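The values are calculated or read from the model by the stated rules, or taken from the named source; none is laboratory data. Owing to the predicted nature of the structure, the values given are computational and were not obtained by experimental measurement. Here the Cβ is made from the backbone with ideal geometry for all residues, glycine too, and neighbour counts use every protein chain on show. Heavy atoms of the whole protein, side chains included, go into the accessibility calculation; ligands, DNA and RNA do not. Shrake-Rupley method; radii C 1.70, N 1.55, O 1.52, S 1.80 Å.
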Amino acid sequence: MTMPEGFERVLPEVDGRDMFDALVIRTDFSDDASWTAVVGELRRPWGPDSEFPARVQMVDAPAWSGATADEVLAAVGEDDYLSVVFVADRHTMQSPTRALLALSTVWEDEGDLDPVYYQDLIESPEPREFRAAPTTVHAVHANVTLGNMGFAEFAVAASAEPEQVLRPV
């Protein structure tokens, strides 16, 4: 869906999310069977012995259809307790692994950094996104939210995989 020039899409607010709920936003509505499979995987308990209940808020509204990563980030930017958001986009629906797009909601604007002190960060910015299998969503969300691991650590692990998709260990 292309917007007329000069028109900015306004996406609905995401409200009622508990800080421990992973946020998954559906932006592709081309394959309901794939979406149903993603939802099924997201609702499974997780952890080493599946001891943790699935905590996820899914946004499944056609108003989000075709939303870009930047539009999603702009729409959820007011949530101070959200460190990562997951997007079920066209790639998710067409991929055999149904890999979601994980987006970091926290990043430095390199334009405002003093190059004398932050040259390394300016030359090598933190990764902003990676692909994650639905079965890894809860672990990524919980660890990034609690500060046990950084978003970049998960992105590096995903990039080391042959399909560039983070999978459960």
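Odds and ends about this structure:
- Sequence of 13, 51 from largest to smallest accessible area, 1.4 Å probe: 13, 51
- Estimated vicinal HN-Hα couplings, Hz - the range 41-56 in sequence order (Karplus 6.51, -1.76, 1.60; Gly, Pro = x): 5, 5, 8, 6, x, 9, x, x, 10, 6, 7, 9, x, 5, 10, 8
- Placed amide H near residue 130: partners under 5 Å, 5+ positions off or other chain: 102
- Surface accessible to a 1.4 Å probe, per residue, for the residues of the range 12-103, Å²: 50
- Two-site FRET efficiency, residue 79 against residue 129, from Cβ-Cβ distance with R₀ of 22 Å, rounded to 0.05: 0.80
- Residue-count net charge about residue 163 - beta-carbon cut-off 13 Å; Lys, Arg +1, Asp, Glu -1: +2
- The range 1-101 shape via C-alpha gyration tensor axes, a/c threshold 1.5: oblate
- Across the range 142-147, coupling constants 3J(HN,Hα) worked out from phi with the 6.51/-1.76/1.60 Karplus curve, θ = phi - 60°, read 4, 5, 5, 4, 7, x Hz, and Gly and Pro carry x.
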